[in-house]
Amino acid sequence: LWALTYDMVKSMTQDIIDKLQLNGSVNSVTSAELPLAYISKGNRKGTTLNLTFQNYTSYTSGYFELKEKANENSLLTIRKIPFTTKANGISELTIPVKDNYEGSIYIYLNNTLTDLVYLADGSWNIEYNKTSTTIKKFNVLNESNVSISNEEHRLLRNVEVTANTKDYISIYKTMIGGGLEQDVTKFKNLIFKGNIIGTNTVKITLVKKSITNWDDQYSYILKTSGSKEYEIALKDFKSSKISGDITANDITAVNFSFINSSGVNVEIIANLSKVRFTNGNAVYEPMSTAISIYPNPSNGKFSTQFLSETSTPLILKVIEISTGKIIKTQFINPIIGTNQVPVILDNNFNSSGIYFVTVEGDGIKYTPTKLMINRN
């Protein structure tokens, strides 16, 4: 992982230099050689880029031309944003950048290019054993309506991966552009929404710049249970070598490893969204206990669909409402997530009518669903 991260940062740095070189040579300058209008400093706060613009001309109208990529998978797009600035003075300018990944920002004043700056967020990446794993899908997705609180540090954009593996797949997000460290000591939790199928074991590692040995990093083993929002206290991340709670003052990346310990090849599907360091709490969303049946009415062949948070064995029953007689019992070994179970009634059963379909297990009970059977 360290080699992969180093190569990524090296490639990103070279990419920045190459983009700047396209518009002229990159050289060191003295204060006397600075242009008459330029960006002196800037920072990204959530979905807004804040810039300080030094203007030593009499012109006040200009525009930004953004050549940007919304995410790690997307194509380059171009947009223009007009701005006004103080003549012979300093102005604070803002650009809405949503949760976009990177972009070259060209600054035009009086229709003349005066400066160029480069914006880059940390990137989502994937790591896996190429001899035992096949990646079927790896996508980074922008949020349609980004809402970021001042009381959190978001790992911008969402990610989804599907893979067949005998051991593990890892996805990780560098905190900010250039692989630089971030101080998140003011936060108490790491929270994310996860829909994870194929494994219930996720090892989450907070990568500290000051720790050079990967095995000594602070990590947490999360036992997942379906699709919901997960919350982990930062004090619960532990190091096998270093005693005490983590000091999260130099986090460079967050790594999610989805572990298959079965010894056989399985398909793992993992969707992560709204990953963030925060002082808030996860929103508990109880799992739906509804059972879907289709087709309904049925001629005796139908499928049931339901969500499961565990792989605890279940029993499906078809019960005649008028008599309470059980006409079908079927054992189910569910997977974590969405389950679809085909049911076929005995050919000797010829009664039409209304029935209940129930699904129950040890401490688990789904809401019974009515089924109309029509044998005509």
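Mind checking which strands (runs of 3 or more DSSP E) fall wholly inside the stretch 134-253 and carry at least 1 residues that are more than 30 Å from Leu75 (Cα to Cα)?
Per the criteria, 189-197, 201-208, 218-223, 227-233.
Could you list, in sequence order, the residues of the stretch 254-267 that are part of a loop (DSSP other than H, G, I, E, B) and crowded, with 21+ Cβ neighbours inside 10 Å?
Asn260
Quick check on my filter: what residues within the stretch 205-237 are closer than 15 Å to Thr278 by Cβ and aliphatic (A, V, I, L, M)?
Leu206, Ile232, Ala233, Leu234
Please work out if Lys193 is closer than 30 Å to Arg44 by Cα, crowded, with 20+ Cβ neighbours inside 10 Å and among the charged types (D, E, K, R).
The answer is no for Lys193.
Please specify each residue of the stretch 137-168 satisfying the condition of being open to solvent by 50 Å² or more (accessible area, probe 1.4 Å), over 17 Å from the mean Cα position of the chain (by Cα) and of a type in the set (D, E, K, R).
Across the stretch 137-168, the qualifying residues are Glu151, Lys166.
Tell me whether the stretch 208-218 contains one or more residues that are of a type in the set (Asp, Glu) and either surrounded by 14 or more Cβ atoms within 10 Å (Cβ to Cβ) or farther than 26 Å from Leu180 by Cβ (or both).
Scanning the stretch 208-218, I find no residue that is of a type in the set (Asp, Glu) and either surrounded by 14 or more Cβ atoms within 10 Å (Cβ to Cβ) or farther than 26 Å from Leu180 by Cβ (or both), so the answer is no.
Given the criteria of a type in the set (Ser, Thr, Tyr), modelled with pLDDT of 95 or more and over 20 Å from Thr47 (Cβ atoms), does Tyr101 qualify?
So Tyr101 fails the test.
Going through Lys325, Lys274, Lys301 one at a time, which residue ends up being under 30 Å from Glu181 (Cα atoms) and open to solvent by 70 Å² or more (accessible area, probe 1.4 Å)?
Lys274
Return the pairs, sorted by first residue and then second, in which the second residue is open to solvent by 50 Å² or more (accessible area, probe 1.4 Å) and among the polar types (S, T, N, Q), the first residue lies in the stretch 39-52 and is farther than 14 Å from Asp121 by Cα and touching a residue at least 60 places away in the same chain (Cβ under 8 Å), the beta carbons are less than 8 Å apart, and the residues are 6+ apart or on different chains.
Correct list of pairs: Leu51/Thr94.
Which ones in the stretch 66-80 are more than 20 Å from the chain's Cα centre (by Cα) and either more than 11 Å from Ser104 (Cα to Cα) or open to solvent by 30 Å² or more (accessible area, probe 1.4 Å) (or both)?
Lys67, Leu76, Thr77, Ile78, Arg79, Lys80 - these are the residues of the stretch 66-80 that are more than 20 Å from the chain's Cα centre (by Cα) and either more than 11 Å from Ser104 (Cα to Cα) or open to solvent by 30 Å² or more (accessible area, probe 1.4 Å) (or both).
Any chance the stretch 177-188 includes a residue that's modelled with pLDDT of 95 or more and either open to solvent by less than 10 Å² (accessible area, probe 1.4 Å) or closer than 26 Å to Ser311 by Cα (or both)?
Within the stretch 177-188, one or more residues are modelled with pLDDT of 95 or more and either open to solvent by less than 10 Å² (accessible area, probe 1.4 Å) or closer than 26 Å to Ser311 by Cα (or both).
Consider the stretch 92-125. How many of its residues are surrounded by fewer than 16 Cβ atoms within 10 Å (Cβ to Cβ) and free of Cβ contacts under 8 Å to residues at least 60 places away in the same chain?
Of the residues in that region, 6 qualify.
Taking the criterion of being surrounded by fewer than 13 Cβ atoms within 10 Å (Cβ to Cβ), farther than 30 Å from Val146 by Cβ and among the β-branched types (Val, Ile, Thr), would at least one residue in the stretch 340-358 satisfy it?
The answer is yes, given that some residue of the stretch 340-358 is surrounded by fewer than 13 Cβ atoms within 10 Å (Cβ to Cβ), farther than 30 Å from Val146 by Cβ and among the β-branched types (Val, Ile, Thr).
Strands (runs of 3 or more DSSP E) wholly in the stretch 308-372 with at least 1 residues that are farther than 25 Å from Ile197 by Cα and without any contact (Cβ under 8 Å) to a residue 24 or more places away in the chain - which ones?
326-332
Quick one: is Ser25 modelled with pLDDT under 90 and either part of a loop (DSSP other than H, G, I, E, B) or open to solvent by 30 Å² or more (accessible area, probe 1.4 Å) (or both)?
So Ser25 fits the description; yes.
Any idea which of Leu51, Leu36 is at pLDDT 85 or above and under 28 Å from Glu143 (Cα atoms)?
Of Leu51, Leu36, the one residue that is at pLDDT 85 or above and under 28 Å from Glu143 (Cα atoms) is Leu51.
Taking the stretch 230-251 as the search range and keeping residues that are open to solvent by less than 20 Å² (accessible area, probe 1.4 Å) and β-branched (Val, Ile, Thr), which one is farthest from Ile211 (Cα to Cα)?
Only one residue fits best here, namely Ile232.
The values are calculated or read from the model by the stated rules, or taken from the named source; none is laboratory data. Worth saying up front: this structure is predicted, and the values here are computed from it rather than measured. Here the Cβ is made from the backbone with ideal geometry for all residues, glycine too, and neighbour counts use every protein chain on show. For the accessible areas, the whole protein counts, side chains as well, though only heavy atoms, and no ligand, DNA or RNA atoms are used. Shrake-Rupley method; radii C 1.70, N 1.55, O 1.52, S 1.80 Å.
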